[in-house]
Amino acid sequence: MQDINDEKRKRYTRMNQVHSSYHDCVCYLAVENETGLQVFWYEFINDIMTESDIEKGFKQLQKSIQVTSPHLMNILNVWKTSVPSRFYVITEATQAPSLFDYLHSIESPPPTRTLIKWFKKLTLAVQALHHAQIIHGSISLQNALIKPATGTLKLRFPLTNLSCRLISSVSLDINQYTSPEHLSGSPSMLSDVWSLGIAFLELLTQKSAYEEFQTPQELITAINSMKLPQSLNLVKDQAAASLIQKCLSSELMRPTVDEILKDTVFNLKNEKRATQSPENLSGSIQIIVQNDKEESAS
């Protein structure tokens, strides 16, 4: 086993530069020696994990190598050491900004059709995980990386969850993306759908969902009661608003990612898109004609 690990390790040269660190994981920049391509080198510290969790986490990481998507930061290699107890994970790398940072760095938002295309790519990334029976658990605009010039969008792989580090993401990172099931400690694939609905809402409005609530307890109460965010009233596209409402419904009523990708929001042409009254989601529907510039810009 050690020989195999040495062989895997020697394929890469790790830089001393730390790209990011959080909880019990450090991410370094590295280079794949044969190709010269830059990769991310993750080192997970397993000192406080049980042997059963270490075994489970490593098996899940190994299995995830088989999951590939043009919209995921795919896992390229995995190995572990016993002394010290570590997981090492190599993934694709990019210096692209997060979707959140990009949207807040530009003066005017992209056309609606462009935002819908980005949301479709985000959903396709989650679909690849769900088809492999993997729950992402931390979908957000911060975890989606975008190259605006090409439209390339990639979602970070859920390495924290896969490596059996669930306590921190459940108890410490409660935010607007957290589903009711996540709060109760029983997340499912449909919890990812809730997070996708929030991501779609924030894409279209460039506002944080549930920002009307000032305290964590108010946010938790709103999520548990499945109260719709006030910012949903700002979504003018009727098909998009309807899909977001479906994603933020009760778990039994939520669509799967496969069903989301069949939604009419992805099929409507510009001239057939409908807008709703910004004051009320049940307001009158107006058919508007978009010029061809929006489609070409997207």
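The values are calculated or read from the model by the stated rules, or taken from the named source; none is laboratory data. No experiment lies behind these values; they were computed from the predicted model shown. Cβ atoms come from the backbone with ideal geometry, glycine included; neighbour counts cover every protein chain shown.
Has the range 33-43 got any residue that is modelled with pLDDT under 95 and closer than 18 Å to SER163 by Cα? Among the residues of the range 33-43, not one is modelled with pLDDT under 95 and closer than 18 Å to SER163 by Cα, which makes the answer no. Does at least one position in the range 17-38 carry a residue that is part of a strand (DSSP E or B) and among the acidic types (Asp, Glu)? Yes: the range 17-38 contains one or more residues that are part of a strand (DSSP E or B) and among the acidic types (Asp, Glu).
The helices (runs of 4 or more DSSP H) found entirely in the range 119-203 that carry 1 or more residues being among the hydroxyl-bearing types (Ser, Thr, Tyr) and either farther than 17 Å from ILE260 by Cβ or in contact with a Phe, Trp or Tyr (Cβ under 6 Å, 6 or more places away or on another chain) (or both) are 159-162, 166-171. When ALA209 is tested against (1) hydrophobic (A, V, I, L, M, F, W, C); (2) part of a loop (DSSP other than H, G, I, E, B); (3) within 27 Å of ASP24 (Cβ to Cβ), only condition (3) is not met. Every listed requirement among (1) in the same structural domain as GLN214 (by the TED database); (2) surrounded by 23 or more Cβ atoms within 10 Å (Cβ to Cβ); (3) in contact (Cβ under 8 Å) with a residue 60 or more places away in the chain; (4) hydrophobic (A, V, I, L, M, F, W, C) is met by PHE87 save one, (1). Somewhere in the range 57-72, is a residue surrounded by fewer than 19 Cβ atoms within 10 Å (Cβ to Cβ), among the aromatic types (Phe, Trp, Tyr) and either at pLDDT 95 or above or assigned to a helix (DSSP H, G or I) (or both)? Looking through the range 57-72, none of the residues is surrounded by fewer than 19 Cβ atoms within 10 Å (Cβ to Cβ), among the aromatic types (Phe, Trp, Tyr) and either at pLDDT 95 or above or assigned to a helix (DSSP H, G or I) (or both). In the range 218-239, the residue that is nearest to ILE174 (Cα to Cα) out of those that are surrounded by fewer than 19 Cβ atoms within 10 Å (Cβ to Cβ) and charged (D, E, K, R) is GLU218.
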